[in-house]
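Comments concern the structure below.
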Amino acid sequence: MMKLRIFLLDTIIRMDNIYHKINKKLVLMIFVILMSPVCVFYMVVGCDSYNTRFGDTDFYLGWVNLPITTCVEYKVDDDGGYVGVTRNTITDCYWNDYYIIATKYSFAKDSIEGYYIIKLCEYPDLKSVFRNVSFTNSSTFDEIMDSLHLDKDEMRHKNLFD
């Protein structure tokens, strides 16, 4: 009789485990079935982007999907191909006929991390574009601006949040 009881309890425990495994798979399948239209909808209409040009140059301020990924881009071809010249989190840009100054912001530190200084050349190619980009921290920025005879107040300005 004892063996029969052990057998029955063991069988009930195994059946319970099988039931839970089937139940978990069923819940997962239902979740996937319900979320599929949402995922397809996001893939079709979820991609957003923004590009604005700096004067008559081939440089743009732009982002794809999220404004936090804003960077200065260089237009490589007429089919809409761009290459990022700076890293992400650009919030402000100043420019004139010779330079673009891009402010790199750190959202984690809630402060300006530094500045990209991009020298514009008359006939740019991709190699010369990257050769003319430099980064400086906030402490040396004013000295560099003075040495280049640049004043942010005299330059045109774009702010990402305007």
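The values are calculated or read from the model by the stated rules, or taken from the named source; none is laboratory data. Everything quoted here is computed from the prediction, not taken from an experiment. Glycine gets a Cβ as well: all are built from the backbone with ideal geometry, and neighbour counts include every protein chain shown. These area figures cover heavy atoms from the full protein model, side chains too; ligands, DNA and RNA do not enter into them. Shrake-Rupley method; radii C 1.70, N 1.55, O 1.52, S 1.80 Å.
Go through segment 96-111 and give me each residue that's open to solvent by 20 Å² or more (accessible area, probe 1.4 Å) and at pLDDT 85 or above.
ASN96, ASP97, TYR98, TYR99, LYS104, TYR105, listed by residue number.
Just to verify a result, which residue in segment 82-129, among those that are assigned to a helix (DSSP H, G or I) and free of Cβ contacts under 8 Å to residues at least 40 places away in the same chain, is nearest to ASP151 (Cα to Cα)?
SER128
Tell me whether segment 132-153 contains one or more residues that are in a loop (DSSP other than H, G, I, E, B) and at positive phi.
Yes, the conditions are met somewhere in segment 132-153.
Among the residues of segment 114-124 satisfying the criterion of being of a type outside the set (Ser, Thr, Tyr) and open to solvent by 80 Å² or more (accessible area, probe 1.4 Å), which is modelled with the lowest pLDDT?
So, considering only residues that are of a type outside the set (Ser, Thr, Tyr) and open to solvent by 80 Å² or more (accessible area, probe 1.4 Å), the one modelled with the lowest pLDDT is GLU122.
Within segment 82-94, how many residues turn out to be open to solvent by 20 Å² or more (accessible area, probe 1.4 Å) and either modelled with pLDDT of 80 or more or of a type outside the set (Phe, Trp, Tyr) (or both)?
The qualifying residues number 7.
Part of a strand (DSSP E or B), surrounded by fewer than 16 Cβ atoms within 10 Å (Cβ to Cβ) and of a type outside the set (Lys, Arg): does that describe VAL72?
Taking the combined requirement at face value, the residue does not satisfy it.
Pick from segment 45-69 the residues that are exposed (fewer than 12 other Cβ atoms within 10 Å of the Cβ) and modelled with pLDDT of 75 or more: which of them is farthest from the chain's Cα centre (by Cα)?
Among residues in segment 45-69 that are exposed (fewer than 12 other Cβ atoms within 10 Å of the Cβ) and modelled with pLDDT of 75 or more, the one farthest from the chain's Cα centre (by Cα) is ASP56.
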